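The values are calculated or read from the model by the stated rules, or taken from the named source; none is laboratory data. Please read all numbers here as calculations on a predicted model, not as lab measurements. Here the Cβ is made from the backbone with ideal geometry for all residues, glycine too, and neighbour counts use every protein chain on show.
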Amino acid sequence: MTEPSNERTTGGLVGKLVGRAKEAAATVTGDEDLAREGRLQQAGSEAQREASERAAEARRLEAEAEVEAERNRTEAERERIANELAAKDRERAAEEDRRRAERGAEARSSREAAAVEAQRQAEVAQANRAEEAAEAERVEAARTAVELEQRARNAERAADHVDPEETNR
């Protein structure tokens with residue numbers, strides 16, 4: 001039986017091959033310690049391989065988690081930007097609605113002012129016509145009064161010619 005070796009064993013595929021070689025040599029020589037060392041080296045190489053695979057799997061999962069986290073951050077940023085754009089669209093629409101309402105109010109105000117002005121002009125025209133008619137009536141009344149006075153003077157002169165005494169009284 002040999003004493004346990006303090007030599008450093010190689011892991012991985014080389015360690016596994018060395019472990020098999022030791023086990024095979026021990027089978028030939030009947031050295032049970034060497035056979036056990038070979039099996040341990042093979043088991044250590046296998047454990048190291050599994051640990052490497054697990055570490056690689058952990059790195060892969062970590063990378064996937066980072067990709068997923070980045071995807072989530074990107075999606076959150078996309079949603080934030082979409083919300084900002086939607087808010088700006090709503091602001092633009094509200095501003096356009098306000099402008100449209102102002103234009104409508106201005107148009108109604110202009111129509112109302114035009115209607116009021118048209119009504120005022122119609123009333124002024126009616127007042128002018130009434131004034132002209134009154135003036136025409138006044139002129140006609142004055143002309144009639146002058147004509148009647150003329151007739152009355154003529155009638156008085158005629159009466160004075162007919163009865164001159166009555167004028168002296």
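Residue selection: Ala26 fails the criterion of being part of a helix (DSSP H, G or I), loosely packed, with under 14 Cβ neighbours inside 10 Å and either without any contact (Cβ under 8 Å) to a residue 12 or more places away in the chain or touching a Leu at 6+ places or on another chain (Cβ under 6 Å) (or both).
Within the range 63-100, the set of residues being hydrophobic (A, V, I, L, M, F, W, C) and within 18 Å of the chain's Cα centre (by Cα) comprises Ile81, Ala82, Leu85, Ala86, Ala87, Ala93, Ala94. Inspect the range 145-163 for any residue being in a helix (DSSP H, G or I) and within 60 Å of the chain's Cα centre (by Cα) and give the result as yes or no. There is no residue in the range 145-163 that is in a helix (DSSP H, G or I) and within 60 Å of the chain's Cα centre (by Cα). Tell me, yes or no, whether the range 55-62 has at least one residue that is over 30 Å from Leu17 (Cα atoms) and either touching a residue at least 40 places away in the same chain (Cβ under 8 Å) or in a helix (DSSP H, G or I) (or both). Checked against the condition, which is being over 30 Å from Leu17 (Cα atoms) and either touching a residue at least 40 places away in the same chain (Cβ under 8 Å) or in a helix (DSSP H, G or I) (or both), the range 55-62 yields at least one hit. The listed residues are Asp160, Asp97, and the only one of them that is at pLDDT 95 or above and either loosely packed, with under 10 Cβ neighbours inside 10 Å or charged (D, E, K, R) (or both) turns out to be Asp97.
Filtered by the rule that a residue be among the acidic types (Asp, Glu) and free of Cβ contacts under 8 Å to residues at least 12 places away in the same chain, the range 29-54 gives Glu50, Glu53.
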